[in-house]
């Protein structure tokens, strides 16, 4: 038993000595990797510091390339204008004039209709409450179509003499008022024929520009002897822009024409109603005029 205990103690001492001897080796083996790891972070900041400089230059180059692409776009309107002949340029100028004229007419006619509606409200409030037609007409603004109609009726009533005296006064005054109403309607309709013309012809003008541009594009491709997609897409696409411009000019003209016609019809209803009421007032004032 004592012998066994001695052998066990000896084994324990040997194990303890082995562990003591092995521990420095293990710690040394474990301490070696941290040394390179400690040096790696020291070198690591240098790589990111150089990285932005390396990446900044390509970014600047790409930005400059993009700006150069935007300035030197070979498929834009600027390239179309530079590369087109005088026929294509003339077509573009005609389309531009059509568009500017259409928008000018639309805006001015809307303003005229607004003024006519304002004058109609003013006449409704002040004219019929005046003691006489003359005073009521003087109370309206200069240039008002309702004042023009009232003055036309008064002038017809005062000039019913000579050969005109043989005409029935009611018919003569009615005809004078109707002529004044037609004059107002004609002024409201000024420019609508231009809108109708633009709406019907602008697509064909743009189509003409497209056909002319495609002809020249195909001629240039045939001379070059190359029909790749990059050679065909640019010139043909630029030519098709003409059709798009023609449609962009025609659509607002057609819509504006229909809208203005509808608004003119509504405005003329107030004008005709005013003329009918004025005729009735002038005819009812006939005995007083004759007595005077």
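The values are calculated or read from the model by the stated rules, or taken from the named source; none is laboratory data. Here the structure is a predicted model, which means the values were calculated and not measured. We place every Cβ from the backbone using ideal geometry, glycine too, and count neighbours over all the protein chains shown.
If the condition is being without any contact (Cβ under 8 Å) to a residue 12 or more places away in the chain and either on the phi > 0 side of the Ramachandran plot or assigned to a helix (DSSP H, G or I) (or both), then segment 116-146 contributes 118, 121, 124, 125, 135, 138, 143.
Out of everything in segment 186-195 that is surrounded by fewer than 16 Cβ atoms within 10 Å (Cβ to Cβ) and assigned to a helix (DSSP H, G or I), what residue ends up being farthest from the chain's Cα centre (by Cα)? Even if it seems obvious, please write down each step before you answer.
To start, the set of residues in segment 186-195 that are surrounded by fewer than 16 Cβ atoms within 10 Å (Cβ to Cβ) comprises 186-187, 189-190, 193.
So of that shortlist, the ones also assigned to a helix (DSSP H, G or I) come out as 186-187, 189, 193.
Details: 186: 30, 187: 28, 189: 25, 193: 23 Å.
Across segment 186-195, the extreme among qualifying residues is 186.
Residue 160 meets all of the listed conditions (1) in a helix (DSSP H, G or I); (2) farther than 30 Å from residue 85 by Cβ but one, namely (1). Condition test on residue 91, is it loosely packed, with under 13 Cβ neighbours inside 10 Å and in contact (Cβ under 8 Å) with a residue 24 or more places away in the chain? No, not satisfied.
Conditions (1) farther than 18 Å from residue 145 by Cα; (2) modelled with pLDDT of 90 or more; (3) touching a strand residue (DSSP E or B) at 6+ places or on another chain (Cβ under 7 Å); (4) part of a helix (DSSP H, G or I), marked per residue:
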position: 178; (1), (2), (3), (4): no, yes, no, yes
position: 181; (1), (2), (3), (4): no, yes, no, yes
position: 204; (1), (2), (3), (4): yes, yes, no, yes
position: 214; (1), (2), (3), (4): yes, no, no, yes
position: 226; (1), (2), (3), (4): yes, no, no, no
position: 232; (1), (2), (3), (4): yes, no, no, yes
position: 243; (1), (2), (3), (4): yes, no, no, yes
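Can residue 195 be described as out of contact with any helix residue (DSSP H, G or I) (no Cβ under 7 Å at 6 or more places or on another chain), assigned by TED's automatic domain parsing to the domain that holds residue 108 and at pLDDT 75 or above? The answer is no for residue 195.
I'd like the residue in segment 94-115 that is within 21 Å of residue 273 (Cβ to Cβ) and touching a residue at least 24 places away in the same chain (Cβ under 8 Å) and, out of all such residues, is surrounded by the fewest Cβ atoms within 10 Å (Cβ to Cβ).
First, pick out the residues of segment 94-115 that are within 21 Å of residue 273 (Cβ to Cβ): 112-115.
From what's left, touching a residue at least 24 places away in the same chain (Cβ under 8 Å): 112-113.
Numbers: 112: 19, 113: 16.
That would be 113.
The C-beta contact set for segment 158-182 (first residue in the same structural domain as residue 272 (by TED's automatic domain parsing) and surrounded by fewer than 18 Cβ atoms within 10 Å (Cβ to Cβ), second residue in a loop (DSSP other than H, G, I, E, B) and modelled with pLDDT under 80, distance under 7 angstrom, 6+ apart or interchain) comprises 169/160; 172/160.
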